[in-house]
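Since every read-out is calculated from the coordinates, none of them should be taken as a lab result. Nothing here was measured: the structure is a model prediction, and the numbers come from that model. Glycine also receives a Cβ, built like all others from the backbone with ideal geometry; neighbour counts cover every protein chain displayed.
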Amino acid sequence: MRIATWNINSVRLRMELLLRLIDEANPDVICLQETKCVDQEFPHKPLEERGFVHNHVHGMKSYNGVAILSRLPLETRDIQHWCRKEDCRHVLATLPNGIEIHSVYIPSGGDIPDPEQNDKFAHKLRFVDEMTEWWAAKRNADTPMVVVGDFNIAPLEQDVWSHKELLDVVSHTPVEVEKLTAMQNSIGWVDAVRHFVPETEKLYTWWSYRARDWAASNRGRRLDHIWVTKPLESLLKSHRVLKDARGWEPKPSDHVPVVVELAI
């Protein structure tokens, strides 16, 4: 079973690229973030033609939005809200094999890494704290689960192009790394991509639109993640980061898809 995650930065604008992802990676489940589309306008038809007929979408106009698109039936569907906001950042569903899958879009946090000066950064920290508490209180480490998405945090030194230069840049600050690590430890989540790629190797999933030549400068960050609970760790078979998707035309997302395969 292949699971893909992608911050697509508008599903309607980039449907052609989503279909290319399906053709190139052949996933069974796709989790999207930043769909930027109200539910009644979600473009289901081209996906259904590719076999993705079991879909759980939760979106809003112009901002945020998450989705789970599946070739496999979704036996349960649910939505989670955080920080007393209904801003379309977390959907979950259960697959026929019993695996519970979550598509999550953690807030970016703005530009100033100070919760006293920046409400967006304070929101981001609260969001991660609430999720950490929820996993520990509402879910069991022995349950087969997958959480994926744009976490907007690059936790490891080799998850950014320069650890030293990004220590005070939102997405790699020590407080964000501390809180995401606490969330990972809450029920012993396994970083599925780092299961295959040593922590000493550079690994990115996002390159800024601001770079004139993103490939040449290669100033990336690993903001997109796939975690699994311990019962699934031994079933991890392979991973793929579709770096070339950063250059797909027309109008690429600044994030690229990440795919993990489980031997199920």
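Brief remarks follow.
- Computed FRET value (nearest 0.05) for residue 213 with residue 233, which takes r as the C-beta separation and R₀ as 41 Å: 0.60
- DSSP bridge orientation in the chain - percent antiparallel, rounded to nearest 5: 80
- The per residue volume of the convex hull around the alpha-carbon atoms of the chain is 121 Å³.
- Point-charge dipole on Cβ atoms (K/R +1, D/E -1) for the chain, about Cα centre, debye to 20: 420
- Residue-averaged 222 nm ellipticity for the chain, from DSSP H runs of 4+ at -39500 (n - 2.57), nearest 500: -6000 deg cm²/dmol
- GNM top mover of 103, 70, 162 - the chain, alpha-carbon springs below 10 Å: 162
- Sorted ascending by nearby beta carbons within 10 Å, beginning with the fewest, 234, 217, 171 become 234, 217, 171.
- Each of the GluC sites (Glu not before Pro) that DSSP puts in a loop and that has at most 14 other Cβ atoms within 10 Å breaks the chain; the longest unbroken stretch is 202-264.
- Highest-fluctuation residue, 38, 147, 104 considered, GNM on the chain with Cα pairs under 10 Å: 38
- Projecting the Cα atoms of 30, 81, 175 onto the charge dipole of the chain, computed from C-beta unit charges around the Cα centre, puts 30 farthest toward the positive end.
- Average Cα contact separation per residue, the chain, under 8 Å, 6 or more apart, as relative contact order %: 19
- Selected from 252, 63, 115, residue furthest toward positive end of dipole (the chain; charges at beta carbon): 252
- Build a GNM of the chain with springs between Cα atoms under 10 Å apart, and of 169, 29, 160 the one that fluctuates most is 169.
- Where labels lie 7 Å past Cα in the beta-carbon direction, separation of residue 130 and residue 19 in nm: 3.8
- Here residue 243 is the anchor, and the lysines within straight C-alpha reach of less than 23 Å, apart from those fewer than 8 places off in the same chain, are 36, 202, 251.
- The loop-placed trypsin sites (Lys or Arg not before Pro) in region 177-264, going by DSSP, that have at most 10 neighbouring Cβ atoms within 10 Å of their Cβ come out as 210, 212.
- Sparse-neighbourhood loop sites, trypsin sites (Lys or Arg not before Pro) in region 1-82 - DSSP loop, at most 16 other Cβ within 10 angstrom: 12, 50, 61
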